[in-house]
Amino acid sequence: MRAPRAVVIGSGIGGLTTAVALHRSGWQVTVVERSASLEPVGAGISLAPNAQRALDVIGLGDEIRSLAAWQGEGGMRSPDGRWLARTDSAASAERFGGPLVLLHRATLVGRLAAALPASVLRTGCPARLVDPGTAGGRPAVIGTPDGTVEADLVIGADGIHSAVRDIHFPDHPGPSYAGFTAWRVLVPAPAEPFAPHETWGRGALWGTQPLKDGRIYAYAAAVAPAGARAHDDERAELLRRFGDWHRPIRGIIEAAAPESVLRNDVHQMTDPLPAFHRGRTALVGDAAHAMAPTLGQGGNQAIEDAIVLAHHVAPGTDLGAGLATYTAERLPRTTAIVRKAAQVSRLMRLSGPVSVALRDFTMSTVSRLGPGLVLRTFDGIADWCPPPHTYAAGTNDAPVVQTRRTTTDENRDARR
């Protein structure tokens, strides 16, 4: 029998993970990407244990875990260097069943792309959805520069400004500006060691985290009008905003080349879509549920989407029922995480001296009561596990995958 054909529009983390999962479950997959190469937008990405367990399903989990660099203490600080909250990597790994892994996006994209046959990827190929098809009837149709392509399944992984989403839900308001802008930079590690930290100021935030390859991934956020940009360059803007914060922040900024500093306004979709599918089309990642980066879960949720979607649309199953179940499982979870990330971003955007002092006092008090209370923010997020049986036996290159029971499961049971 002919293997069903899936077309993935977009080669970001969500699109590539979906392509790998579908390929392993027996689909004939094509990934179309308008850019000329797979160079990812952005600098670093944080993968929590929930995403690592999802990557276990496609055989990449342990490879990603081996890139974990955070060891020992870390936490949240004020701009003068005072610790507001402390935790450590061991406590996080014990609670959620794995380490927090920070890596360059290019590293993850490279690992995912390597898991696909070279013929799957078509770069420099803009595509548009012409017809979403019907789950029990006509195929979906994709338009490309070379003509139209029919598909049994189309994945809209085309990001925050998704054209596929706009076609399906033209009356939905889509993502809105979250009220702040963000910067990202990669630099060599400073000579003097430091504890990984996230520093919260008045309407601003800075994070400095080590990567396995010896570099430092730093990120910043600040309240700003939408579309605002520095009058000179973004490194100079970072120095103006964060140059007098505690060490090693100024040194990190000065080590960056001005042209290497990335800046993007942050958008989020707190008004959820009515569904993540229509006809023979499904949405994953930012196309479905763009969120603020304040929980570090945007890419993690895209990876979860991919694995859950592949589970429910395995070849030989009822596609319509599978897509409906995908929406039923993913929409409530991602909506809750989008809203929680928005709540955290509101705390970050506080700028009044009284409200900031109260926020910092609360963080410090909670931390003194125990690091477990700080980590509890991620209960129900980082302890997620993928479906226990992801692929049916007998499909092409598709082993039966049984999710292993981790310390996360035991910890969750103990808290009940």
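The values are calculated or read from the model by the stated rules, or taken from the named source; none is laboratory data. Note that the coordinates shown come from a computational prediction; the quantities given were computed from them, not determined experimentally. Glycine also receives a Cβ, built like all others from the backbone with ideal geometry; neighbour counts cover every protein chain displayed. Side chains are part of the model used for accessible areas, which takes the heavy atoms of the whole protein and leaves out ligands, DNA and RNA. Shrake-Rupley method; radii C 1.70, N 1.55, O 1.52, S 1.80 Å.
Between Ser176 and Arg346, what length comes free when the chain is fully extended (0.36 nm per residue of separation minus the Cα-Cα distance, one decimal in nm)?
Stretched out fully, the Ser176 to Arg346 stretch lengthens by 59.8 nm.
Heavy-atom accessible area of Cys385 with all protein chains present, probe 1.4 Å, nearest 10 Å²?
Ignoring ligands and nucleic acids, Cys385 comes out at about 40 Å².
What translational diffusion coefficient, to the nearest whole µm²/s, does region 1-65 have by Stokes-Einstein, given a Kirkwood radius computed over alpha-carbon pairs, a temperature of 4 °C and 1.567 mPa s viscosity?
98
Stokes-Einstein D for region 161-244 at 37 °C, 0.692 mPa s, Kirkwood Rh over Cα pairs, in µm²/s?
Taking Rh from Cα pairs, D becomes 214 µm²/s.
Farthest toward the dipole's positive end in the chain, which of Pro353, Gly61, Thr327, given Cβ charges of +1 (Lys, Arg) and -1 (Asp, Glu) about the Cα centre?
Most positive-ward Cα: Pro353.
Find how many whole Å separate the alpha carbon centroid of region 43-110 from the alpha carbon centroid of region 180-245.
Computed from Cα coordinates, the inter-centre distance equals 18 Å.
State to the nearest 20 debye the size of the charge dipole of region 209-341 about its Cα centre, where the only charges are +1 on K and R beta carbons and -1 on D and E beta carbons.
For this selection, approximately 240 debye.
Report the residues of region 52-84 in range of a label on Lys212: point 7 Å along Cα→C-beta, backbone N strictly under 18 Å from it.
52-72
Using only the Cα atoms of region 51-92, what are the Rg and Dmax in Å?
Cα only, region 51-92: 14.6, 44 Å (Rg, Dmax).
Kirkwood Rh, the chain, all Cα pairs: how many Å?
The Cα-based Kirkwood calculation yields 22.1 Å.
What is the packing order of peptides 24-30, 301-307, 357-363, 136-142, taking the mean over residues of other C-beta atoms within 10 Å and listing the highest first?
Listed from highest to lowest mean packing, they are 301-307, 24-30, 136-142, 357-363.
Output the peptides 259-266, 170-177 sorted from most to least packed, where packing is the average of other Cβ atoms within 10 Å over each peptide's residues.
Order by mean packing, descending: 259-266, 170-177.
From the convex hull of the Cα coordinates of region 19-172, what is the mean projected area in square nanometres?
Spelled out: convex hull of the Cα atoms, projected over all directions, averaged, 12.9 nm².
Only helices at least 15 Å long along their own axis, judged from Cα atoms, and with Kyte-Doolittle mean hydropathy of -1.0 or greater: name those in the chain from DSSP H.
Taking the DSSP H segments of the chain (at least 15 Å long, mean hydropathy at least -1.0), we get 13-24, 298-312, 319-348, 353-369.
So what are the three principal axis dimensions of region 108-166 from its Cα atoms, in whole Å, longest to shortest?
On the principal axes, region 108-166 reaches 35, 25, 24 Å in Cα extent.
May I ask you to derive the relative contact order of region 127-213, considering only C-alpha pairs under 8 Å and at least 6 residues apart, and to give it as an integer percent? The partial results should precede the final answer.
Details: 71 pairs, mean separation 12.2, N = 87.
Answer for region 127-213 is 14 percent.
Quick one: how many Å² of Thr294 are accessible to a 1.4 Å probe, rounded to 10?
30
Counting only helical runs of four or more DSSP H residues, what would the 222 nm mean residue ellipticity of the chain come to if each run contributes -39,500 (n - 2.57) and the total is spread over all its residues?
Taken over the chain, the calculation gives -10500 deg cm²/dmol.
So for the chain, taking the charge dipole from beta-carbon charges (+1 Lys/Arg, -1 Asp/Glu), which of Gly15, Phe194, Asn264 sits furthest toward the positive end?
Phe194
Counting alpha carbon pairs within less than 8 Å and at least 6 residues apart, what relative contact order, in whole percent, applies to the chain?
Normalised by residue count, the contact order of the chain is 23 percent.
What percentage of the solvent-accessible surface of the chain, computed with a 1.4 Å probe over protein heavy atoms, is contributed by carbon and sulfur atoms?
Summing carbon and sulfur atoms, their accessible area is 54 percent of the total for the chain.
How much area per residue is accessible in the chain when the probe is 1.4 Å and only protein heavy atoms are counted (Å²)?
Ligands and nucleic acids excluded, the figure is 41 Å² per residue.
Quick one: plug the Kirkwood hydrodynamic radius of region 84-210 (C-alpha pairs) into Stokes-Einstein at 20 °C, 1.002 mPa s, and report D in µm²/s.
My calculation gives 108 µm²/s for D.
P(r) of region 235-384 in 10 Å steps, Cα pairs, percent per bin?
Here the calculated profile for region 235-384 is 9, 27, 29, 22, 10, 3, 0.
Using the crude model of +1 on Lys and Arg Cβ and -1 on Asp and Glu Cβ, and no other charge, please compute the dipole size for the chain relative to its Cα centre, in debye to 20.
Taking the Cα centre of the chain as origin, the dipole is about 660 debye.
Based solely on C-alpha atoms, express the radius of gyration and the Dmax of region 286-367 in angstrom.
17.9, 60
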